Every structure is written in C-alpha cells, then in structure tokens.
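*Asks:* My questions all concern the structure below.
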Amino acid sequence: MSTTKFEGSPRERLLAAANELFYEEGVHTVGIDRVIERAGVAKASLYSTFGSKDELVRAYLSARSTKRQARLLERIETFEEPRDKILAIYDLLGELFAEPTFRGCAFFRASADAPEGGKIRTVCHDYRSWLTDLLTQLASEAGAADPAQLGRQLLLLHDGATMGAAMDGDAGRAELARKLAEGLLNARTSAPKARGARRKR
C-alpha cells in the first residue's frame, strides 16, 4: 500500500487520501482516522471541510465520477461513427482493467452496503444514469430500433466485464465484452458495419 503524503489544501489532501484508501480497501472498512492520518491533516479539518464521513465518501465518489466521465468522453470523441464510439468504451475498459490499481467498480463497491436513499447511493445512481443515457444515445445514433433496450444490454456487458475482471483478475473480459457488443450492434442497428474504427481527423 502507498504511504504517499499528499500536497495541497486540506480538502485536496483529504480527497486524495480518501480516493486511495476507499478505492483500495472499501469505504465501509476504512475508518476516518486512517484517512486523516494518510492526508496528514488535523481531525478538525475533516469535519470543518466535509462535516461527516458520509459527505467525504460522497465527495470522493463524485470526484471519481467526474474524472471517469471526462476520460470516457475524451476517448469516444476521437471517433466519428456512433458504433465506433460504443466499442471504444470497451477498449477503455480493457486499459482500466490492466492497471495495477484496478479493484473493480468504485460505485458498485460503495453502494453495496449503503442505505437506500442516502448520499452514497445517490451519487452512484447519478453516475449509472449518466452512463446508461450515454449508451442509449449512442445506440440511437447508431440506428437501433429500440435504443433503450440496446443501451441496457450494452450496460450489462459493461457491468459483467467489470465484475469478472475484478473477481477473476482477467483484463481480457473487456475484449470479450467488446466482441459481444459488436455482435449486438450488427444485429440491432442499421448503421454500416465498418471494418475498422474511423477516428476524427
């Protein structure tokens, strides 16, 4: 485990420490004192900045959501065709799965034992809604007769690959999910079946 001491404001250091500890070990097993120690701040700084552990967890997940959305959009925006954008999502998953720090989906792990309707479930739901809407929109642009259904199917492949990679340590699940996604696109859309992905010039 890293013993990095973080720099920046107390808020920035607390979020950096939370991101490292919560993602690696889980939000429900890491005590607030460990985050404070890793961040190198006084306990009063945490409560004056976030007020509670739940709010720190919410801020940690919100930051991960923002970063993940930006990374995903940056990747798909390099492609012209909607189907290529969709397949690029699974290529990105493969890169994420291969990272040595990969521990699965932060949102699934955090929400697993979180109370319904609480801050943690809310931020996780918001990220899931965003991803579902993105896949549905791309499915529509690709010519799907039922974009909502195809979007849900693509999300299921995304989730299954992520869970399998985390539990089995198999980064190749992303490639399998990509092939299945390509089959769905071929069967359920009217868009041309391009031989190779076309990037924007």
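The values are calculated or read from the model by the stated rules, or taken from the named source; none is laboratory data. Everything quoted here is computed from the prediction, not taken from an experiment. Positions of Cβ are backbone-derived with ideal geometry, glycine not excepted, and every protein chain shown enters the neighbour counts.
*Asks:* Checking the structure you have, find out if any residue of the range 113-135 is in a helix (DSSP H, G or I), of a type in the set (S, T, N, Q) and under 19 Å from Ala177 (Cβ atoms). Lay out the reasoning, then the answer.
*Replies:* So the first thing to find is which residues in the range 113-135 are in a helix (DSSP H, G or I), and the list is 119-135.
Narrowing further to those that are of a type in the set (S, T, N, Q): 122, 129, 132.
Then drop every residue that is not under 19 Å from Ala177 (Cβ atoms), which leaves 132.
Checked the range 113-135: at least one residue is in a helix (DSSP H, G or I), of a type in the set (S, T, N, Q) and under 19 Å from Ala177 (Cβ atoms).
*Asks:* Also, I was wondering about something else. Considering every residue within the range 72-85, establish whether at least one is within 17 Å of the chain's Cα centre (by Cα), at pLDDT below 95 and either over 22 Å from Met163 (Cα atoms) or among the β-branched types (Val, Ile, Thr) (or both).
*Replies:* Restricting attention to the range 72-85, the residues satisfying the condition of being within 17 Å of the chain's Cα centre (by Cα) are 72-76, 85.
Going one step further and asking which of them are at pLDDT below 95, we end up with none.
Checking the range 72-85: not a single residue is within 17 Å of the chain's Cα centre (by Cα), at pLDDT below 95 and either over 22 Å from Met163 (Cα atoms) or among the β-branched types (Val, Ile, Thr) (or both).
*Asks:* Additional query: Pick out the one residue from Ala144, Ala177 that is touching a residue at least 24 places away in the same chain (Cβ under 8 Å) and assigned to a helix (DSSP H, G or I). Lay out the reasoning, then the answer.
*Replies:* Numbers: Ala144 fails: assigned to a helix (DSSP H, G or I).
None of the others qualify; the one that does is Ala177.
*Asks:* What number of residues within the range 103-117 satisfy the criterion of being modelled with pLDDT of 90 or more and more than 13 Å from Glu24 (Cα to Cα)? Steps first, please.
*Replies:* So the first thing to find is which residues in the range 103-117 are modelled with pLDDT of 90 or more, and the list is 103-111.
Restricting the remaining residues to those that are more than 13 Å from Glu24 (Cα to Cα) gives 108, 111.
Residues meeting the conditions: 2.
*Asks:* Another one. Go through the range 145-165 and count every residue that is surrounded by fewer than 22 Cβ atoms within 10 Å (Cβ to Cβ) and not polar (S, T, N, Q).
*Replies:* Applying the first criterion (surrounded by fewer than 22 Cβ atoms within 10 Å (Cβ to Cβ)) to the range 145-165 yields 145-149, 152-153, 155-156, 158-160, 162-164.
Narrowing further to those that are not polar (S, T, N, Q): 145-148, 152, 155-156, 158-160, 163-164.
Adding up the residues that qualify gives 12.
*Asks:* For the range 65-90, which residues satisfy the criterion of being in contact (Cβ under 8 Å) with a residue 60 or more places away in the chain and either closer than 24 Å to Ala114 by Cβ or surrounded by fewer than 16 Cβ atoms within 10 Å (Cβ to Cβ) (or both)?
*Replies:* Selection gives Ser65, Gln69, Leu72, Glu77, Thr78, Glu80.
*Asks:* Only residues that are surrounded by fewer than 17 Cβ atoms within 10 Å (Cβ to Cβ), outside any loop (DSSP other than H, G, I, E, B) and not aromatic (Phe, Trp, Tyr): list them for the range 97-112, please.
*Replies:* Within the range 97-112, just Ala98 meets the criteria.
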